[in-house]
Amino acid sequence: MTKKLSDRQEYILGLLVRTYVETGMPVGSRTLVELYDLDVSAATVRNELSLLDELGYLNQLHTSGGRAPTEVGYRYFVQRLIGEFELPNNERHMIRHQFHQARLDLNQWMRLAAAVLAHASRGASIVTAPRPNTNSFKHLQLISTQGRLVLMILVFYGGQVQQQMLTLAEPVPQARLTLVAERLNKVFEDSSYDDIYARQGQLDDALERDVTRLVLDGMRRSDKRAISEFYRDGLVNIVDDEGARQAVRVLEEGTYLADVLAETLETGASGVQVVIGGEGRWEELRDCTMILARYGQHEELSGAVAVLGPTRMPYGRNISAVRYVADLMSGFINEYFLESSVGGFSDVDLPDEVIT
């Protein structure tokens, strides 16, 4: 973070950012004095704007024109000047009512969250389906196919299934494969990768150890999988400028979007995160801002909600909308998860489709 500005510089920067976000036009000193009835002269404001320009917070496209915020200016505004903002009570009540109507239908909640965020932000929204942060072993099957080839079917709590062909050192009868699967199912039921890794030394049978190593390999790959289920809405809202067009391109590239979301949320930071202009890490997000938050049980089952658009966006409103929807989603997931877990987490029917 660049050094802290003076109180007057912060005040002027905050006014300029808010005015530029609202109008989309570069802002000059006279405009600020007249709009906000400032008790300083236009010349004084002009000098402060010039200094803010030199420090990298503002950008003047033409010598005699007004100024617009830079990524640094937006970042300073979000981190220090934005203040507290809450969605109006009537809007929050309406959103709560909509979510209540979709109660206990996870697919409806995903679609609704995307629609609500798109409407509230007038931008594009992204909601990822909730997934277990780490997989728990449910059961496996070993099926003899031909000669030394065996099909391993590995099932995790949460519904994910992996299938893999194994080549054994020598043919093994189906009865033997069934006994091995039953033994491992009993030993490793509801275990995480770390649990299975710690207990594999307790296995005396060579085939059981070989299969366990393959189970661990499958669980490791699954735990590192990229986010793949997205619900999107509001693309029609972001078609006006280059930043918006860039945001559309990011939304259309699912793999890249998944990487950004995964890396941003992997830090473990709580609350709402604001990524402005790619933060020097993601070139494709230049001229874009992504506001995102995790929802759900962070250690068990979670997803993400986000708003994506050009850097010129109503930050206070969008941060509040993302926070509010994430909180609602967390409450729903906690209740849904707990109720479904009464009979075992396998009863939770997580969505696999991609809604566009």
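Only one of the listed residues (86, 91, 54) is within 30 Å of residue 282 (Cβ to Cβ), touching a residue at least 12 places away in the same chain (Cβ under 8 Å) and of a type outside the set (A, V, I, L, M, F, W, C). That residue is 86. Any idea which of 126, 95, 153 is within 30 Å of residue 14 (Cβ to Cβ), in a strand (DSSP E or B) and at pLDDT 90 or above? Within the list 126, 95, 153, the selection yields 126.
Within the range 294-337, the set of residues being touching a residue at least 40 places away in the same chain (Cβ under 8 Å), of a type in the set (Ser, Thr, Tyr) and part of a helix (DSSP H, G or I) comprises 315, 320, 324, 336. Taking the criterion of being assigned by TED's automatic domain parsing to the domain that holds residue 306, surrounded by fewer than 19 Cβ atoms within 10 Å (Cβ to Cβ) and either more than 25 Å from residue 285 (Cα to Cα) or of a type in the set (Ser, Thr, Tyr) (or both), would at least one residue in the range 149-163 satisfy it? No, the range 149-163 contains no residue that is assigned by TED's automatic domain parsing to the domain that holds residue 306, surrounded by fewer than 19 Cβ atoms within 10 Å (Cβ to Cβ) and either more than 25 Å from residue 285 (Cα to Cα) or of a type in the set (Ser, Thr, Tyr) (or both). Contact map, the range 263-280: residues that are assigned to a loop (DSSP other than H, G, I, E, B) and surrounded by 18 or more Cβ atoms within 10 Å (Cβ to Cβ) paired with residues that are of a type in the set (Lys, Arg) and at pLDDT 70 or above, Cβ distance under 6 Å, separation 6+ or inter-chain. Pairs shown: 272/323. Give the residues of the range 2-14 that are under 30 Å from the mean Cα position of the chain (by Cα) and buried (at least 19 other Cβ atoms within 10 Å of the Cβ), sorted by residue number. 13 - this is the single residue of the range 2-14 that is under 30 Å from the mean Cα position of the chain (by Cα) and buried (at least 19 other Cβ atoms within 10 Å of the Cβ). Of the listed requirements (1) loosely packed, with under 13 Cβ neighbours inside 10 Å; (2) in contact with a Leu (Cβ under 8 Å, 6 or more places away or on another chain); (3) among the hydroxyl-bearing types (Ser, Thr, Tyr), residue 41 misses just one: (2).
Can we say residue 111 is in contact (Cβ under 8 Å) with a residue 24 or more places away in the chain, among the basic types (Lys, Arg), assigned by TED's automatic domain parsing to the domain that holds residue 320 and farther than 20 Å from residue 292 by Cβ? So residue 111 fails the test.
Okay, residues lined up against (1) within 29 Å of the chain's Cα centre (by Cα); (2) at pLDDT 95 or above; (3) assigned by TED's automatic domain parsing to the domain that holds residue 116; (4) over 21 Å from residue 310 (Cβ atoms):
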{"site": "18", "(1), (2), (3), (4)": "yes, yes, no, no"}
{"site": "32", "(1), (2), (3), (4)": "no, yes, no, yes"}
{"site": "47", "(1), (2), (3), (4)": "no, yes, no, yes"}
{"site": "65", "(1), (2), (3), (4)": "no, no, no, no"}
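The values are calculated or read from the model by the stated rules, or taken from the named source; none is laboratory data. Note that the structure is predicted; figures quoted are calculated from it, not measured. Here Cβ is always computed from backbone atoms with ideal geometry, including for glycine, and neighbour counts include all displayed protein chains.
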